[in-house]
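The block underneath contains the structure these notes are about, expressed in C-alpha cells.
The values are calculated or read from the model by the stated rules, or taken from the named source; none is laboratory data. Just so you know, these numbers come straight off a predicted model, no measurement behind them. With ideal geometry, Cβ positions are generated from the backbone for all residues, glycine too; neighbour counts draw on all protein chains shown. For the accessible areas, the whole protein counts, side chains as well, though only heavy atoms, and no ligand, DNA or RNA atoms are used. Shrake-Rupley method; radii C 1.70, N 1.55, O 1.52, S 1.80 Å.
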Amino acid sequence: MHFVATMSIIDLQHTASGATCRIHELGATVLGYRNAAGRDVLLLSRDAILDGSKAIRGGIPLVFPIFGPPSDDKSTMPQHGFARNNKWTKLSTFDNEDAAGAQFQLLLDDVSAGRGTNNPWEGKDYNVKLVFDIRFDGQSLTTALRMENTGSVAFSFQALLHTYYAVDDHAALDPSRCHVKGLAGYEAHDKVTGAKSLASDEPVTIDGEVDRVYTPPAGQVNAKVEISVGTAHPVSLQCQGTIDESPVPVSVVVWNPHEAKAASMGDFGNDQYHEMICVEPGILLPATLEAGKVAVLEQVIRS
Ligand code: BG6
C-alpha cells in the first residue's frame, strides 16, 4: 500500500501587485495563479484529489522523467513519471517589490511513489536532483524546472510543464475565442489518430478530443505561442530548454479531453473540458543528461 504523507498547500502573495499563487507540496504542483487584475489564469479541476494519493488534475503538474506511458512495456513507472507523485521539500519563499515566489526540491532518495520496476530508475546508478522555481508578479508567472544528474551514469529523460489554462465563459470549443497560435511549421503528431502532419498557419482549435505533440522545425529551439482563453487579451507563453547550458528544442503538447474522456476521468468534472486548454511545453525528444550535468526547462506565462 502506498503511504500518503501529510501534504500542505502554500499560499503566496506578491504584496506589491496583489497577485497570488497557490502551490501543493505534492509534485510542487502550482494549483493556481491569480494575476493583479484578479483573473485565475490556470484551471484546477473541481474534482482534483488534493490528499496526496494521486497526481493533481490541474494547475501545472511536472512531468519527469517520462512523458506518457513508459516506452518499454515491462516498465511499471506510471504515465508522466514520478515528479508529480511525490512530496517535494519547500526550500524558500520570497516577496519583494519585483516579484514573489518559492523554490522546491525533490531528491531521488525522497521518491517513494512512481519509480516503478523494470526500468533503470529503480537501480542504484541513477540519481537526480530536481529543483523547481516559481516566480510571479502582477502580469506574469515563471516556472523553471532544473534537473541535475547527481548519479554516476548518463540517463535519458523527458520533461514537461503540463499547464492547464482556464478558459472563460466555457468557451474552449469556440474556435474564435479559444485557440493556440505560433505552431505553424511544427510537425504535429496526433496521438488520437496516430497521424503526423505539418501544422499550417491556422490556429489550433478544440474540435473534439485534441491530444497532439508539436515538434519544432529544424533550427527552432524556443517556443513562443499565444493562447486565446475566452478573454479580450490572449495569454502569451515563452519557453526555453537547455542541457548543459546549450539550447535544446522545446516541443508543445496541446490537449483537451473533450466529452467522452472527460467523463472517464474520476478527478475531472464532466463538463470541464469547456473551461480549459492544456498547452504543455517540454523536452520530449528524448534527451540525454550526462552525469554531473544540468538541464533546465523554463516557461514564462504573461496574462
Ligand atoms: C497529456 C497527454 O500531456 O496529458 C495525454 O498528451 C494525457 O495523452 C494527458 O491524456 C493527461 O494525462 P494524465 O496522466 O494526467 O491523465
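List of remarks:
- Stokes-Einstein D (µm²/s) once Rh is taken as the Kirkwood radius of the stretch 103-185 over alpha-carbon pairs, at 10 °C in 1.306 mPa s: 96
- Each Cα pair under 8 Å and six or more residues apart adds its separation to the average, and for the chain the resulting relative contact order is 18 percent.
- For LYS293, a cut-off of 19 angstrom between C-alpha atoms picks up these aspartates and glutamates, skipping any fewer than 8 places away in its own chain: ASP109, ASP125, ASP133, GLU148, ASP244, GLU245.
- Inter-part distance where the stretch 14-60 and the stretch 64-84 are each reduced to a Cα centre, Å: 24
- With at most 13 neighbouring Cβ atoms within 10 Å, loop GluC sites (Glu not before Pro) (DSSP) excluded, longest segment of the chain: 98-244
- Flagged links, alpha-carbon separation over 25 Å, of LYS196/LYS224; LYS87/LYS224; LYS196/LYS261; LYS54/LYS261: LYS87/LYS224
- Under the Karplus curve 6.51 cos²θ - 1.76 cosθ + 1.60, θ = phi - 60°, whole-Hz ³J(HN,Hα) for the stretch 31-47, x wherever Gly or Pro sits: 8, x, 9, 10, 7, 5, 7, x, 8, 7, 7, 9, 9, 10, 4, 5, 9
- Value of [θ]222 nm, deg cm²/dmol, for the chain, DSSP H segments ≥ 4, -39500 (n - 2.57) each, nearest 500: -500 deg cm²/dmol
- The alpha carbon radius of gyration of the stretch 160-273, expressed as a multiple of 2.2 N^0.38 Å, is 1.10.
- For the stretch 73-161, the set of trypsin sites (Lys or Arg not before Pro) satisfying both a DSSP loop assignment and a count of at most 12 other C-beta atoms within 10 Å is given as LYS74, LYS124.
- In the stretch 21-74, the C-alpha radius of gyration followed by the widest Cα-Cα span (Dmax) gives 13.6, 49 angstrom.
- Table column - 3J(HN,Hα) (Hz), the stretch 158-174, Karplus curve with 6.51, -1.76, 1.60, x for Gly and Pro: 10, 8, 7, 9, 7, 8, 9, 8, 6, 10, 6, 6, 6, 9, 4, 9, 8
- Phi-based couplings in Hz for the stretch 134-145 (Karplus 6.51, -1.76, 1.60; Gly and Pro marked x): 10, 9, 8, 9, x, 10, 9, 10, 10, 10, 10, 9
- Dimensions of the chain along the principal axes, based on C-alpha atoms and rounded to the nearest Å, stand at 52, 47, 40, largest first.
- Here the stretch 1-136 is described by how far its Cα atoms reach on the three principal axes: 50, 30, 26 Å, from widest to narrowest.
- Whole-Å distance, taken between Cα centres, linking the stretch 89-153 and the stretch 251-303: 17
- The stretch 118-244 - percent relative contact order, Cα under 8 Å, separation 6 or more: 19
- Across the stretch 73-212, the fraction of Cα-Cα pairs farther apart than 19 Å, rounded to a whole number, is 67%.
- Remark: the chain carries 43 Å² of accessible area per residue (probe radius 1.4 Å; ligands, DNA and RNA excluded).
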